[in-house]
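Just below is one structure, and these are the notes that go with it.
The values are calculated or read from the model by the stated rules, or taken from the named source; none is laboratory data. Since the structure is predicted, the reported quantities are computational estimates derived from the model, not experimental observations. Reconstructed Cβ throughout: ideal geometry from the backbone, glycine too, with neighbour counts over all protein chains shown.
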Amino acid sequence: YIFGTGKDEL
Amino acid sequence: MNIFRLTGDLAHLLAIIILLLKIWKTRSCAGISGKSQILFAIVYTTRYLDLVTTYVSAYNTLMKIFFLGSSFATVYLIYVKFKATYDHNHDTFRIEFLILPAVILALLINHAFTPLEILWTFSIYLESVAILPQLFMVSKTGEAESITSHYLFALGSYRGLYILNWIYRYAMESHYDLIAIVAGIVQTVLYCDFFYLYITKVLKGKKLQLPA
């Protein structure tokens, strides 16, 4: 993702 | 995805649905802090901008669209449709005192100084205190309808379940995000007093009455 891992969280 | 995060997201979904149904069915937003709902709308708007740039999964996209849509719908119901039932006198928390510090903190403490990252960080800090106007209003009115307390219980549980998710992800994937974790702990701690009242009173069928 743009932000790298971890931002798959809501 | 793990069971803690899934149940957390479902608790969050449930909270929002409870609130929308309460306002829609009773055609009244008495006891609901419009200011907290404005803060939530800001939180989702600044956090979910990546909706247009990054596709994570259908679940992720659908949930973001639902949270965005429902938060604006709730603000609309409170300030437009049922504004006659909005309790101005008790919803007096100064939200600028929550927004400004979150902006400043996001500019100081973040993972990267890029617009999307700063906005995400701001939304994480703001979400941790976004419920304060609502808790303040409950303390001012000294009570909350049981449906409102179910809403607060579900909303408070969501981030508490996320803390379990972060423990799980650290243990299993050695992944962690300190900004989200610290803010999530602050957010959950703010509900503790309410959780105590909810469990000792509301679950016993009593009305949520704060000690005068």
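Do you know which residues across the stretch B:62-75 are within 14 Å of chain A (Cβ to nearest Cβ) and surrounded by 15 or more Cβ atoms within 10 Å (Cβ to Cβ)? B:Met63, B:Lys64, B:Phe66, B:Phe67, B:Leu68, B:Ser70, B:Ser71 - these are the residues of the stretch B:62-75 that are within 14 Å of chain A (Cβ to nearest Cβ) and surrounded by 15 or more Cβ atoms within 10 Å (Cβ to Cβ).
Within the stretch B:198-212, if we keep just the residues that are free of Cβ contacts under 8 Å to residues at least 40 places away in the same chain and in a helix (DSSP H, G or I), the residue that is farthest from the chain's Cα centre (by Cα) turns out to be B:Lys204.
For the stretch B:76-93, what are the residues that are surrounded by 18 or more Cβ atoms within 10 Å (Cβ to Cβ) and hydrophobic (A, V, I, L, M, F, W, C)? B:Leu77, B:Ile78, B:Phe82, B:Phe93, listed by residue number. Of the residues screened, B:Leu164 is not one that is at pLDDT 95 or above and either within 11 Å of another protein chain (Cβ to nearest Cβ) or in contact with a Lys or Arg (Cβ under 8 Å, 6 or more places away or on another chain) (or both).
In the stretch B:24-41, the condition of being under 15 Å from B:Leu155 (Cβ atoms), part of a helix (DSSP H, G or I) and polar (S, T, N, Q) is met by at least one residue. Selection of the stretch B:1-60 for residues being within 12 Å of chain A (Cβ to nearest Cβ) and closer than 16 Å to B:Leu126 by Cβ yields B:His12, B:Val43, B:Tyr44, B:Arg47, B:Tyr48, B:Leu49. Where helices (runs of 4 or more DSSP H) fall wholly inside the stretch B:96-191, the ranges with 1 or more residues that are aliphatic (A, V, I, L, M) and exposed (fewer than 14 other Cβ atoms within 10 Å of the Cβ) are B:96-108, B:146-173. Note on the stretch B:25-39: among residues that are buried (at least 24 other Cβ atoms within 10 Å of the Cβ) and touching a Ser or Thr at 6+ places or on another chain (Cβ under 8 Å), the one that is nearest to B:Thr92 (Cα to Cα) is B:Ile32.
Note on the stretch B:80-117: residues that are at pLDDT below 95 and aliphatic (A, V, I, L, M) total 2.
Of the numbered criteria (1) farther than 22 Å from B:Phe67 by Cβ; (2) away from every other protein chain (no Cβ under 14 Å), the one B:Met172 fails is (2).
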